[in-house]
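Report on the following structure.
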Amino acid sequence: MSVPTHDAPRAPFASFSFARMLTAAAVFAALSGSFVAPAPALAKTATPKAVLDASAVAVPDRYSADTAQQIFAAGGNAVDAAVAIAFTLAVTYPDAGNIGGGGFMTVFMDGKPYFLDYRERAPQQATRDMYLDDKGSLVPGMSLVGHRAVGVPGTVDGMWQAQQRFGKLKWKQVLAPAIRYATEGFQVEPWLQKRHDDAAKSFAGKTNFDVYFSNLKAGVTFRQPELAQTLTRIASDGGREFYEGRTADLIVRQMYGHGLVTRQDLIQYKAVWRQPVTAEWNGYRIVSAPPPSSGGIGLIQMLKMKADLKPAFDGLELNSVPYIHLIAQIEDRVFADRQQYMGDPDSYKVPVGKLIDDAYLAQRADEVKPDAVPGATPVNPGLGDAMPEKAQTTHFSVVDKWGNAVSNTYTLNGPFGAGVVVDGGGFVLNDEMDDFVTKPGEPNQSGVTGNEVNTVAPGRRPLSSMAPTILLKDDKVSLVIGTPGSSRIFTSIFQVITNLYDFNMAPADALAAMRFHHQLLPQKTIYWEPYQPITGELAEQLQASGYTLAGQQFNGDVQLIRVDGANPEPAADPRGVGVGRVFH
Ligand code: GLY
């Protein structure tokens, strides 16, 4: 690809390490006796006594499980392992693992829950109608493929902040496995070639994707030397290198004349620590993703409404017609609220408390009727006019023997994101801009619509459905769970949690059970999945009840760890190639 001969001015960075600077500041403070907030590098937690028999992970590929093994063997904790897994997946799972995208991390550390939002942001030059032509019509594919689909990436700052705040190992140590996979290569398996081949068709002639990925073929040892250099710079200079150093230069150069992300956008990008959304349910405390995700709220709404409807659910067989009918009505209400009230909390005051309020959800559950005719009554958002998402995302769950946990979901949005590779940097950039409402009323690639609260605006974060979730029992980790799947994310997590706790299934069975999906639009549609299609009598009865059945490629790749006493029990979704592993 051609590169520009001039560029925006460089920020004064890179001649020193940010970590070294913080450490020097703390040493100065200690020597001078003055008080300054402790530098993150020195704020590592002391090693407490082990409370579990083992550490464990449930991860989307075997390479990241090997990485976790090395990190735990070196004395790392759940956050060290999570950060090392995330960087490894950016190399070995490149359709979703990333440094050019963003995500969310729910952490339980030393008995307290935390949430880190490292979602992408719209570039400062982004405008509400940037995906419309001069007649006001959406330009097909513009928010999905190519430079203008790219949001300012958040993954590296997210990993940097998480590891600096909670990790025990050195930053360089947690990047080492990823750098090795990028340098020495990894064996490509057939599933990855298939994902590559599917994505390559949509990028053909539009992006530089094939320059970097045409060799991603089953059986090949795939090496990524430019990515190895990028990761090595980040390892040496700290996470801000991506935003202020040579990597930033390469991103800006890639964008120049094609995309909107500037050096200023990168300098300004900071991951944000937020209060996780929490709720009491069935004797557990749910800790999940707040806005800018709809995932945690959606999950809590579904679980609470189902509990409110216990008399109606009593005796119903899992995934029977009346069961699916009740769940679909719950989902209508959740998606109606999602489209009306949810967006970036830094732009709109999302009424989180009201949306998960017990009385409100009881009243919404009361509208759900066993004898309702599908689609007969419009389902509106429940809070009135109080206020004006085949995605490729991936999730991993981690617990360490000290009782800490990380639930992390991160994404490029579509498979291999926008298909744009940073020349010289060797990594793909996201197409997260499609999670905005590109035109009010028009569905995005996940078929969800929205309104003003989620339109494109400079610096705004697009609404997500990701829901990295931790369930606590008596203030201890009981379940760590999450999945990819865009608008299918929280409906998939809901089904697995229900299988575990309402139907008392073992983790592997809870994952293997049939899953379906329904959302507000298209009306009356029940989506089934190739893993366990809805066929035969069940299909006939659902159609006779007024539902339309539609196949979809995907219904999640749930990675979970259930902690039973001192025993962590990881399980990976049989729909993917994930691995559950325990480290004694
Ligand atoms: N891009 C998928 C999500 O954030 O929900």
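Within segment 74-100, can you find the residues that are of a type in the set (A, V, I, L, M) and closer than 14 Å to residue 176 by Cα?
Listed by number, the residues that qualify are 74, 81, 82, 83, 84, 85, 86, 89, 90, 91.
Kindly provide the set of residues from segment 502-552 that are in contact with a Pro (Cβ under 7 Å, 6 or more places away or on another chain) and either under 20 Å from residue 372 (Cβ atoms) or buried (at least 22 other Cβ atoms within 10 Å of the Cβ) (or both), ordered by number.
Within segment 502-552, 511, 521, 524, 545, 546, 547 meet the criteria.
I need the full set of residues from segment 536-570 which are under 26 Å from the mean Cα position of the chain (by Cα) and part of a loop (DSSP other than H, G, I, E, B), in order please.
The answer is 552, 553, 554, 555, 556, 557, 558.
Yes/no per residue for (1) more than 14 Å from residue 518 (Cβ to Cβ); (2) surrounded by 23 or more Cβ atoms within 10 Å (Cβ to Cβ):
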| position | (1), (2) |
| --- | --- |
| 303 | yes, yes |
| 311 | yes, no |
| 314 | yes, no |
| 317 | yes, no |
| 320 | yes, no |
| 330 | no, yes |
| 343 | yes, yes |
| 346 | yes, no |
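Do you know which of the residues in segment 549-576 that are among the acidic types (Asp, Glu) and modelled with pLDDT of 95 or more is farthest from residue 199 (Cα to Cα)?
569
Only residues that are among the hydrophobic types (A, V, I, L, M, F, W, C) and within 15 Å of residue 92 (Cβ to Cβ): list them for segment 206-228, please.
213, 216, 218, 220, 222, 227, 228
Here is a list: 316, 303, 361, 299. Which entry is of a type in the set (A, V, I, L, M) and in a loop (DSSP other than H, G, I, E, B)?
Only one candidate passes the filter, namely 316.
Within segment 397-436, how many residues turn out to be surrounded by fewer than 24 Cβ atoms within 10 Å (Cβ to Cβ) and among the hydrophobic types (A, V, I, L, M, F, W, C)?
Residues flagged as surrounded by fewer than 24 Cβ atoms within 10 Å (Cβ to Cβ) and among the hydrophobic types (A, V, I, L, M, F, W, C) within segment 397-436 amount to 1.
Here are 450, 546, 536, 441: which of them is over 23 Å from residue 289 (Cβ atoms), modelled with pLDDT under 95 and not hydrophobic (A, V, I, L, M, F, W, C)?
Selected residue: 441, the only one of 450, 546, 536, 441 that is over 23 Å from residue 289 (Cβ atoms), modelled with pLDDT under 95 and not hydrophobic (A, V, I, L, M, F, W, C).
Do you know which of the residues in segment 564-575 that are crowded, with 23+ Cβ neighbours inside 10 Å and of a type outside the set (D, E, K, R) is farthest from residue 410 (Cα to Cα)?
Result: 568.
A quick yes/no check of all residues on (1) away from the ligand (no atom under 16 Å from the Cβ); (2) among the β-branched types (Val, Ile, Thr):
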residue	(1), (2)
312	yes, no
345	no, no
351	yes, no
358	yes, no
377	yes, yes
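Within segment 92-135, count every residue that is within 16 Å of the ligand (Cβ to nearest atom) and not in a loop (DSSP other than H, G, I, E, B).
Qualifying residue count for the region: 10.
Tell me, yes or no, whether segment 195-210 has at least one residue that is more than 25 Å from residue 254 (Cα to Cα) and among the polar types (S, T, N, Q).
For segment 195-210, residues more than 25 Å from residue 254 (Cα to Cα) and among the polar types (S, T, N, Q): absent.
For segment 453-474, check the following and say yes or no: at least one residue is modelled with pLDDT of 95 or more, of a type in the set (Gly, Ala, Ser) and farther than 25 Å from residue 336 by Cα.
Looking for residues that are modelled with pLDDT of 95 or more, of a type in the set (Gly, Ala, Ser) and farther than 25 Å from residue 336 by Cα, one finds at least one in segment 453-474, hence yes.
In this structure, is residue 50 of a type in the set (A, V, I, L, M) and at pLDDT below 95?
Spelling it out, residue 50 is indeed of a type in the set (A, V, I, L, M) and at pLDDT below 95.
The values are calculated or read from the model by the stated rules, or taken from the named source; none is laboratory data. Predicted model only: the values in this text are computed from it and were never measured. We place every Cβ from the backbone using ideal geometry, glycine too, and count neighbours over all the protein chains shown.
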